[in-house]
Amino acid sequence: MNTAPSKKSNRCNSIGYANHGIQPFDGFPYYVTRIVPALYHVILLPSEWTEASLIDFAETQVGFNNLEACLVLGPDHGLWFTPDGGKTHSRDVPVGGILIKGGLKTCKEFHRSSEFEERARWLNARVQEIRGRGGYIRGDPSHGGRPATDQEFEALSGVGFGGVPKGLVVCPECGRLRGECLGTAERYKTSVLPVSCRCGNINRCARCGNTLHEWKLSSNFFNPSDRQIWYVPGFACFGHKCPDLV
């Protein structure tokens, strides 16, 4: 269903999803996971697979990872997936940002033909080119929060019983705190931050099924030892190791 990509494209522009005349990486078909803003993980897929097989792979992969993703079938043919089960066809596909590979394990193994290996070399060249530019990656600077209204600031200021930030409650399932509260770090003391308990950790490895991190990716958690709110950036998933690969 796909021909080998031409060597003259592989061009990316500024960060974003919409394709406004700019050519995305053209090693179709592939699956792109949005790790954090401007950081995209690419999984190449066999070109001999039918569209139904490609969609089945994508649905299974996103079901484990629970991260926003796009199955890229062509320069203007993408199928977008959201963690809540949403699926939308679009002419817009991911372009720009930083591309990485090899961090997330796949939900199934597949044959790597000579044509696949050629696309893999092109992807590796693109990744190395981007890495050579330098710079660094950061997570969501807002930590998923929003500015507190006057009413919220008044209601959530200070701490409750046991020094727990106001707005947090104990989860009856895991015993950890969850809810919304003002940030504990100076920068976030006027922001309302969502706080997850362990039950909120839905990001799993598609290979072994274990969680990708101790806490939900791109989320905040309350640490009882220092009574601080800590943020887990999406790229923390790359520290995961499958038990049989450790």
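In table form, for the structure just shown:
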item	result
Members of region 81-104 found to be buried (at least 22 other Cβ atoms within 10 Å of the Cβ), in contact (Cβ under 8 Å) with a residue 40 or more places away in the chain and not in a loop (DSSP other than H, G, I, E, B), listed by number	Val95
Subset of region 197-246 [touching a Phe, Trp or Tyr at 6+ places or on another chain (Cβ under 6 Å) and closer than 17 Å to Cys107 by Cβ]	Arg204, Ala206
Candidates Arg131, Arg187, Arg146, Arg121, filtered to the one that is touching a residue at least 40 places away in the same chain (Cβ under 8 Å) and basic (Lys, Arg)	Arg146
Lone unmet requirement of (1) modelled with pLDDT under 95; (2) within 17 Å of the chain's Cα centre (by Cα) for Pro75	(2)
Residue list for region 190-208, filter: without any contact (Cβ under 8 Å) to a residue 40 or more places away in the chain, buried (at least 21 other Cβ atoms within 10 Å of the Cβ) and under 23 Å from Phe64 (Cβ atoms)	Ser196, Cys197
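Yes or no, residue by residue, for (1) under 29 Å from Gln151 (Cα atoms); (2) surrounded by 17 or more Cβ atoms within 10 Å (Cβ to Cβ); (3) out of contact with any helix residue (DSSP H, G or I) (no Cβ under 8 Å at 6 or more places or on another chain):
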| position | (1), (2), (3) |
| --- | --- |
| Cys171 | yes, no, no |
| Asn210 | no, no, no |
| Ser218 | yes, yes, no |
| Val232 | yes, yes, yes |
| Phe235 | no, yes, yes |
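The values are calculated or read from the model by the stated rules, or taken from the named source; none is laboratory data. If you're wondering where the values come from, they're calculated on a predicted model, not measured in any experiment. In this analysis, Cβ positions are derived from the backbone assuming ideal geometry, glycine residues included, and neighbour counts consider all displayed protein chains.
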